[in-house]
Amino acid sequence: MTEGTMTLPRWDLESVFTSIESEEFGTEFEAICAGIDELVALFDARGVRRRDQEDVDAAFACAFDEVTGAFNALQERLCTLDTYLGCLVTTNAADDAAQARSSELEARCVALDQLGTRYVAWVGTSDVDALLGISEVARAHSYPLHRAREVARYQMSEPEENLVAELRPSSMSGWARLHSDLTALLSVSVPSPDGSVRELPMSAARSLGSDRERAARRLAYEAEIEAWRRNALPLAAAINGIKGMQRTLRARRGYADDVEPTLLRNGTDAETLKAMQRACAESFADFRRYMAAKARMLGVERLAWYDLGAPVGAEGKRWTWPEAEEFVRRNFRAYSTRMADFADRAFGERWIDAEPRIGKVGGAYCAGIRPGESRILMNFDGSFTSVSTLAHELGHAYHNLNLAGRAPMQRSTPSTLAETASIFCETLAFEAAAREADRRERAALLDTVLARDLQVVVDIHSRFLFEKGVFERRAARDLAVSELTELMLTSQRATYGDSIEPLHPFMWAVKGHYYGPTFYNYPYTFGLLFGIGLYARYRDDPIAFRARYDALLSSTGLADAHTLAAGMGIELRDIAFWRASLDVIRGEIRQFEELARGATP
């Protein structure tokens, strides 16, 4: 069965709203807009803004309880509406009605962003410790309040912050929307080795990187590169606009460098980041051994970029969607009944949109739409990588399930911890498949997981170096397309070494992460290595681990990463932890090398 004949699910959104034109959607949209206006009035009435005196008393605590409750309630309703619209526009960039409603909601939410800034200033200039002593609501929000205290130190004046919020839809968000829409609608004319040409969505063209025939992979890569080249100018304008504004705001707010504001947002610190990145740099030589072994298995002197996803070992099994579902159900049940029942619910209630198509964004994501309920976007191609992606995204949804009892402020999880459950569930899938595999099948499975690790450890570090370089150069002027591509290649060579040729000069155009939060890259490395470390603890003592794991997932918005990790016996500032996680990967590389020595291309 091929991708072209495979019946794949689309998600059910009608259980949320029957349509964007429905009366219930319109009523909820207007109710949320009215709720924003009411919240503005409440903030004004309670004096929610930066304070000259930090003293708190019973009256202040009462106002805090009222404001925090109202803020959480509105955020809960907004999450459902915003995610619903996001699901529509990411699966159909040509849906003008959804695009218009999404833009309208973004404009109306400017006032809510401004209230968020005022709330942080209000709390951050108050005696938080005293407030915790007299307010139960405050004690339930202890971590967000202490974080607000830190963020408030870097806020600009209220009028300046308000102006930034008002400009965001037509500046950073507008540029991000350009990238998302342009790349979602992008199609590629891909030649086949037999001389025929297919017009494919970019996501489908990129998936040909896992084709067994090298000529097909090369032709798809060349067609992809040419498509990016033709569309590079507007994407360069977008990345210049976003990074220029981010850099200006960072400097204006008084942060020392471009990375510093991301540390607080990601619930980590400079010492932890330094330890992790140092350990990663030590592992690059090991990953180069993996790439050399893969080149031998493919019968080539050196890998090309289009070989990174090439299948090795036994003829890759092509998974049907029902087979993928059953595999995930079975292996989630091997971990726990609760996780398996959750997967049954996700499949039964049609939370997943898996079909690649023009107008749909590439990649995959999971978004909470109601407490404990999510929607998952992916582009299923029948490979084990897609099965692994399914397990990964369901892991995110399982995380959302464990956060369901928390208020919005309490479940705001930093990106460093957001990958915790997804990596764990992905590892469950790999371990299960590996147990059933023979020697040649195991080579293919190891290659799948090592290709992922290569992306998250080696490639993401190249993305970090690239973004750092863009910020440094953007201080003087816009970067031309040629400069962006050259900087991308330089960053890739710094991590991949000479193991790959050609590289991918347009990865800055491919990855939407550059068009969102600053340095939205290293948290993925953190998440992978943290997840691997947690899985090692699960294998050491499954019963004790299960007793604590769901509680950890439920608490990812209640403390920073260092504190939560310490509760699992992990010291994040010690390079030894990161080395230990990377040692697990090194062990898999050694297994792969051994299998490569006995393989024939």
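The values are calculated or read from the model by the stated rules, or taken from the named source; none is laboratory data. What you see is a predicted model; the values in this text were computed from it and never measured. Cβ atoms come from the backbone with ideal geometry, glycine included; neighbour counts cover every protein chain shown. We work out accessible area using only protein heavy atoms, side chains counted, and drop any ligands, DNA or RNA first. Shrake-Rupley method; radii C 1.70, N 1.55, O 1.52, S 1.80 Å.
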- Across bins of 5 angstrom width beginning at 0, how are the C-alpha pair distances of segment 250-301 distributed, in whole percent? 4, 16, 15, 13, 11, 10, 9, 8, 8, 3, 1
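In deg cm²/dmol, rounded to 500, what helix-only [θ] at 222 nm does the chain give when every DSSP H run of at least 4 residues adds -39500 (n - 2.57) and the total is split over its residues? Please list the in-between numbers first.
Values: 27 runs with 391 residues, N = 601.
After summing the helix terms and dividing by the residues of the chain, the value is -21000 deg cm²/dmol.
Got the relative contact order for the chain handy, in percent, Cα pairs under 8 Å and 6 or more residues apart?
Numbers: 832 pairs, mean separation 114.2, N = 601.
In percent, rounded to a whole number, it is 19.
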- Using label points projected 7 Å from each Cα along Cα→Cβ, tell me how many nm separate Asp57 and Asp269, to one decimal. 3.7
- For Ile134 and Asp96, FRET efficiency with R0 = 45 Å and r from the beta-carbon atoms, rounded to 0.05? 0.30
- Please give, to one decimal in nm, the separation of the simple spin-label points placed at Arg493 and Glu166, each 7 Å out from Cα toward the Cβ. 4.8
- Task: Select from segment 415-491 those trypsin sites (Lys or Arg not before Pro) which occupy a DSSP coil region and have at most 12 other Cβ atoms within 10 Å, ordered by residue number.
- Result: Arg477
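Less than 14 Å Cβ to Cβ from Pro371, Lys/Arg counted +1 and Asp/Glu -1: what total charge do the surrounding residues give?
Details: positive: Arg77, Arg345, Arg370, Arg375, Arg406, Arg411; negative: Glu76, Glu373.
Once positives and negatives cancel, what remains is +4.
Taking 0.36 nm per residue of sequence separation and subtracting the Cα-Cα distance, how much length would be gained by fully extending the chain between Glu472 and Glu571, in nm to one decimal?
32.4 nm is the gain from fully extending Glu472 to Glu571.
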- Query: Using a simple charge model, +1 on the beta-carbon of Lys and Arg, -1 on the beta-carbon of Asp and Glu, nothing else, what dipole does segment 403-462 show about its Cα centre, in debye to the nearest 20?
  - Reply: 220
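Taking 8 Å as the Cα distance limit and 6 or more residues as the minimum spacing, I'd like the relative contact order of segment 221-374 as a percentage. Working shown, then result.
Numbers: 40 pairs, mean separation 12.1, N = 154.
RCO, segment 221-374: 8 percent.
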- Query: Residues with beta-carbon under 13 Å from that of Arg147, excluding Arg147: net charge, scoring Lys, Arg +1 and Asp, Glu -1?
  - Reply: 0
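Relative to 2.2 N^0.38 Å, what does the C-alpha radius of gyration of segment 1-96 come to as a ratio? Two decimals please.
Against the empirical 2.2 N^0.38 Å value, I get 1.64 for segment 1-96.
Any idea of the accessible area per residue across the chain, 1.4 Å probe, to the nearest Å²? Mind dumping the intermediate values first?
Values: 24050 Å² over 601 residues.
Per residue, the chain has 40 Å² of solvent-accessible surface.
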- Task: On a 0 to 90° scale, report how tilted helix 142-152 is relative to the longest principal axis of the chain, with both axes built from alpha carbons and the result rounded to the nearest 10.
- Result: 90
- Task: Counting residues in the chain as N, plug N into 2.2 N^0.38 Å and put the Cα Rg over that result.
- Result: 0.96
- Query: In the chain, which longest range has no GluC sites (Glu not before Pro) that are both DSSP loop (not H, G, I, E or B) and surrounded by at most 14 other Cβ atoms within 10 Å?
  - Reply: 55-212
- Task: Using only Cα atoms, tell me the angle between helix 321-335 and the longest principal axis of the chain; keep it within 0 to 90° and round to the nearest 10.
- Result: 70
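Can you give the local net charge around Gln114? Use residues other than it whose beta-carbon is closer than 14 angstrom to its beta-carbon, Lys and Arg +1, Asp and Glu -1.
Values: positive: Arg49, Arg50, Arg108, Arg118, Arg168; negative: Asp37, Asp44, Glu106, Asp113, Glu158, Glu160, Glu161, Glu166.
Neighbourhood net charge equals -3.
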